[in-house]
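Okay, here's the structure, questions in a sec.
The values are calculated or read from the model by the stated rules, or taken from the named source; none is laboratory data. None of the values given here were measured: they were computed from a predicted structure. Don't worry about glycine lacking a Cβ; one is built from the backbone with ideal geometry, like all the others, and counts go over all protein chains shown. Just the protein is used for accessible areas: all its heavy atoms, side chains included, with ligands, DNA and RNA removed. Shrake-Rupley method; radii C 1.70, N 1.55, O 1.52, S 1.80 Å.
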2 protein chains.
Amino acid sequence: MSLSLNQWTTKRWSVAEAVDGCVRHGVEAIGLWRQDVAAQGLAESARLVREAGLRVSSLCRGGFLTTGSAEALDDNRRAIEEAAELGAACLVLVVGGLPGVVPGEPLGAGADRDLAGARERVAEALAVLAPYAGERGVRLALEPLHPMYCADRAVLSTLGQALDLAEPYPVAQVGVVVDTFHVWWDPQVFEQIARAGARIASYQVCDYLHPLPADVLLGRGVMGDGVIDFGPLTRAVLEAGYTGDIEVEIFNAEVWAADPDEVLATVKERFAALIG
Amino acid sequence: MSLSLNQWTTKRWSVAEAVDGCVRHGVEAIGLWRQDVAAQGLAESARLVREAGLRVSSLCRGGFLTTGSAEALDDNRRAIEEAAELGAACLVLVVGGLPGVVPGEPLGAGADRDLAGARERVAEALAVLAPYAGERGVRLALEPLHPMYCADRAVLSTLGQALDLAEPYPVAQVGVVVDTFHVWWDPQVFEQIARAGARIASYQVCDYLHPLPADVLLGRGVMGDGVIDFGPLTRAVLEAGYTGDIEVEIFNAEVWAADPDEVLATVKERFAALIG
């Protein structure tokens, strides 16, 4: 089991700095974010990870497909091309919330409460994007998000639902993300991890903090700082046949304020103790 | 379809005041809370609702069974006796979170991360309490809570999980609560409502606010103020055969600060427009 640093765990680092950090700390893989890749330059980012000998465990993220807009599809096609150029093991898709419901902003008159419709549009977009990704050797990874993000970030809320959505497509084209923060509470999680098998495109770990901070997006903590029992989940993912890197992805105001080198040292220590 | 006022929607009102409020506003049923009943006196509360001709749609709440303690069982036996004396249609059970994880308090060294164990203890407690309730003519109502409360309030997170837990017992002994706030996001909710059928002991409505307030417990809003599409859920509950009262239960700092008479007037108006 090999640790991958998701770049947003050390959010202050650019792609170049995060690549250096991985090399310095003996971390063999990295999860990249599109906006940081764009800031560094796509070709330059690809060169940096290649020359450092790092695997790109994921590119975050495509998705936001619930409006059914042509712009969203175009943006996802670009994300697929970027993932191909970076040699990323998968492109993570956060499918989007209810149309017109914006994270952190008050509910406006344009909010669309048709949850079934939003889910249907995700399925329709996937039918377009899966073959496009397949032709470019890119694997899409559907990420179910914790149900508290259903309104504003992802109408995809459980692993079972993600697997239903992935089912029509080849395993190499559409996989799923198992992220401990999002799935730990799910009474069906072990059964669905076993069902997922080779569909698991990414295993992401971080803890679920208690109490949640005022901005629930930032409720992710370093493993050991929250309520998740990582042993059973990690064992289940491995028993399902997952052999990829294990990404640590933490959104947390204190972690982001800390020295990234210290964060990465702590993450490595906790990973060794609780995950690998 | 008849509106029931859950007493905590007008939290400043005592039992006597809430009963008066219901009569004044033409509301025929009320959901009571144990601590308010205790403050009013159990016999006096029973007399007040009886003389006002109100139905008691639920008593909130028993539960907190995840520690496996004898004290918790004793407290639930008392709650069952109270529900019997009040003639409540059901006793709502909020099963409790991970042992040692306290709402609003930092995670301490005593936090128990064994989620499967906590769930098992709920099943064990139910085996004791269901027959006790049955002998007294009281129906227990298992309430799945939104997964964001899994750590600190209820390890019971989905309707499907509640139905699995209820299955060994007669329908008259153990039912489930369908609360729109807790279940609206669930991709299996319609299938599970249909499966529930006569197990539905209570249908509670309120909206899911966006963004959530800093204390996520208070993210409940008056119908129409949040992201829930009530039509499909209400139709599904009615098609499943539910004929009981529909309780409006809102935990919300602004609602609690407002004049309870105005709150109840608004609730009635929104109920007529969106639910009944």
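For A:143, A:82, B:254, A:44, write out the residues from largest to smallest accessible area, computed with a 1.4 angstrom probe and no ligands counted.
From most accessible down to least: B:254, A:44, A:82, A:143.
Something else: If the label for residue B:67 sits 7 angstrom from Cα along the Cα-to-Cβ line, what are its distances to the same label in every other copy, in nm to one decimal, shortest first?
List, nearest first: 5.0 nm.
In nm, what does the list of distances from residue B:112 to its counterparts in the other copies look like, shortest first, when each label sits 7 Å along Cα to Cβ?
4.6
Tell me, what % of the accessible area of segment B:82-179 is carbon and sulfur with a 1.4 angstrom probe?
That fraction is 52 percent.
Based only on Cα atoms, what Rg/Rh ratio does segment B:118-276 have, Rh being taken as Kirkwood's radius?
0.98
Could you give, in nm with one decimal, how far residue B:256 is from each other copy of that position, shortest first, with labels 7 Å out from Cα toward Cβ?
Reported distances to equivalent positions: 2.9 nm.
Hey, got the Cα dimensions of segment B:95-196 along the principal axes, in Å, largest first?
Extents along the principal axes: 40, 32, 20 Å.
So which lysines pass the test for residue B:11, namely a Cα distance under 26 Å, with those fewer than 8 places away in the same chain ruled out?
By straight Cα distance, residue B:11 reaches B:268.
Restricting attention to the alpha-carbon atoms of segment B:145-205, what are Rg (one decimal) and Dmax (integer), both in Å?
Spelled out, the Cα radius of gyration and Dmax of segment B:145-205 are 11.0, 30 Å.
Still on this structure, I have one more. Restricting attention to the alpha-carbon atoms of segment B:172-221, what are Rg (one decimal) and Dmax (integer), both in Å?
12.7, 39
Count the net charge of all other residues whose Cβ sits under 12 Å from the Cβ of residue A:81, scoring Lys and Arg as +1 and Asp and Glu as -1.
Taking every other residue near residue A:81 into account, the sum is -1.
Suppose we look only past 17 Å in the calculated P(r) of segment A:28-99. What percent of the Cα-Cα pairs does that tail hold? Mind dumping the intermediate values first?
Details: 1049 of 2556 pairs.
The proportion of pairs with Cα distances above 17 Å equals 41 percent.
If you don't mind, another one. Could you state the orientation-averaged shadow area of the convex hull built on the Cα atoms of the protein assembly as shown, in nm² to one decimal?
24.0 nm²
Another one. For the B and A pair, go ahead and give the buried accessible area with a 1.4 Å probe, both sides summed, in Å² to 100. Before the final figure, lay out each step's value.
On the way: alone 11310 and 11300 Å², together 19910 Å².
The B and A chains share an interface burying roughly 2700 Å².
OK, next. Report, in whole Å, the centroid distance computed from the Cα atoms of segment B:1-65 and segment A:179-248.
Centre-to-centre distance over Cα atoms comes out at 42 Å.
Rounded, prolate or oblate: which fits chain B when a ≥ b ≥ c are the square roots of the eigenvalues of the alpha-carbon gyration tensor, with rounded for a/c under 1.5 and prolate only if a/b beats b/c?
Rounded is the answer for chain B, as its axis ratio a/c remains below 1.5.
Could you tell me which trypsin sites (Lys or Arg not before Pro) in segment B:94-175 are loop residues by DSSP with no more than 16 other beta carbons within 10 angstrom of their beta carbon?
When the trypsin sites (Lys or Arg not before Pro) of segment B:94-175 are filtered for loop state and at most 16 Cβ neighbours within 10 Å, B:136 remain.
Another question about this same structure. Taking Rh as the Kirkwood radius, which is the inverse of the mean 1/r over Cα pairs, what is the Rg/Rh value for segment B:30-171?
Using Cα coordinates only, the ratio equals 0.99.
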